[in-house]
Amino acid sequence: MAETSIHRKSSGDRPNRTDKTNPPLPPPLSPRDLISALPDAVIHRIFSFLPLQDVVKTSVLSKRWRPTWTTATDLVFDEEIVARRGSTLDFSSLVDSVLIQCISPTVKRFHVIRFKYEKAHRPKFDLWLRFAEGRRVEDLSLLLVPTTEPPTLYILPRFLYCWSWLVRLKVWTCCFSLGRTIRWPCLKILVIAISRLSDDILEGIFRGCPVLESLKLWGCWGVKNIMIDSTCVKELVLFGLRDSNIQTIWAPHLLSLRISGDWQPHAMLRLGDVSSLVEAKLDFSIRVLTDLPCDEMMCSHMLKETFQKLCGVTTITIGAWCFQKLSLLEMEGVPAPLSICQSLTLHVDIIQWDLLGIAYMLRISQCLEKLVICLTGLPLSMYSLDEESKESFNYDEEDFLCSRKGNFQCLAKHLKRVEITIDNFGLERLLALIKFLLGDALALEKMIIKANLNMGHGQEHVRATILSKLLVVSQNMLSYRRASRNAEVIFSHSFK
């Protein structure tokens, strides 16, 4: 063990008190004054984590702090917080008051959040953006709440399109003007929500943002084709485009693609060149307007074509609706392209038919190393099938998986980790799958089963019943045969 010695200096070692190179230390501050000694940079850092109303209130902490808030470089105005705290000023008056008193030459963040926008507010917003322009704001967010249907959109002013210093931009319930030239040479992150767009507007954005890295579109409409030839754009997120009719996504340099939310009925999404993708998430749903089985199969074949474009993606996440359509492909015996997917996450329901979708993904993912299954606990509407097809779903789960294990090449060499997340009532549905994977995955190292239990107050007797049931199930799992000597089974639970 290392020893530490303490050496007391002799009188000859003591520094000369008259030496000018060692000026005397300032007198210590009293405990009450310590907060006044903080540098402005530290104070501004503290301010960046507080709602603006609380930032203003810090002026009572110290005399030195009284004017400090007026030099804050992060201005975040949240109307919901203002309303909840019962401010004596209305939201727009509060914003005006702060901006008038702000003396900081630069402002890094300027956010207006959850403001209920109406057309009469446009001149006020133009003035606020003029303030942001004068302070060269790098991070701008206008997250406006629509008050009408269809929503009244704030038309972004023409001077905003020339902010050469802008790095991050988030706009909700805002509108881009056609024909405006966009020049945002420093913009890296762009989020657009509840907005009317077009192919030409998107083309102008990509042309005017040469270093753009991430684009997220939420609840937008008017776009048909997303064509990204930029080598910088690496992430594309599409969410809730139920009123849009996107037909093609072409992005040969894109690394991450996430598609979620409800899409327009009969939407037929096509992927073009997405050959650089390493991560993809398909968690969307398309509402089928008829009960005809052919419409269900049309959606399934659209997904099959999508997976053909994702065969080189190593990390894939699939949502419940998409997963059901893959089950239909397995039931029909549709040939599937092989995938090099190494990490697969499945959000599934608690119905027997989902084993078909799992079998489909195990069959095409021959290099799979990590499998994550999250039970949603909320079954979607049942498939629209004829009676003959429904009979195909009457099978024994364990026999079904065993009969197909010759097609699951990943079990022989690659599958090392399985994670399963369940709720109160989902575990029994997956016992056959758990038993199968433990018994046939030769390279398996770890299987983790997490039970997230929803439990209200005063339900201790229900909690005891569920825990007793989980104990029995976990003991049964521990008794299953394991094909891998190194396989470790971990079972955990938590109450929400």
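Coordinate-derived values only; no laboratory data. Computed from a predicted structure; not experimentally measured. Virtual Cβ from ideal backbone geometry, glycine too; neighbours counted across all protein chains shown.
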Next item on the list: Please compute the Cα-Cα pair-distance distribution of region 101-254 with 10 Å bins starting at 0, giving whole percents from short to long.
Entry: 11, 41, 36, 11, 1
Notebook entry, point to check: Listed highest first by mean packing, meaning other Cβ atoms within 10 Å per residue, what order do 223-233, 312-322 come in?
Noted result: 312-322, 223-233
Check: Using the alpha carbon gyration tensor of region 128-218, what are the three equivalent-ellipsoid semi-axes (square root of 5 times each eigenvalue), largest first, in whole Å?
Finding: 19, 16, 12
Notebook entry, point to check: Where does region 327-372 land on Rg/Rh, using Cα atoms and the Kirkwood Rh?
Noted result: 0.96
Check: Counting alpha carbon pairs within less than 8 Å and at least 6 residues apart, what relative contact order, in whole percent, applies to region 87-172?
Finding: 34 percent
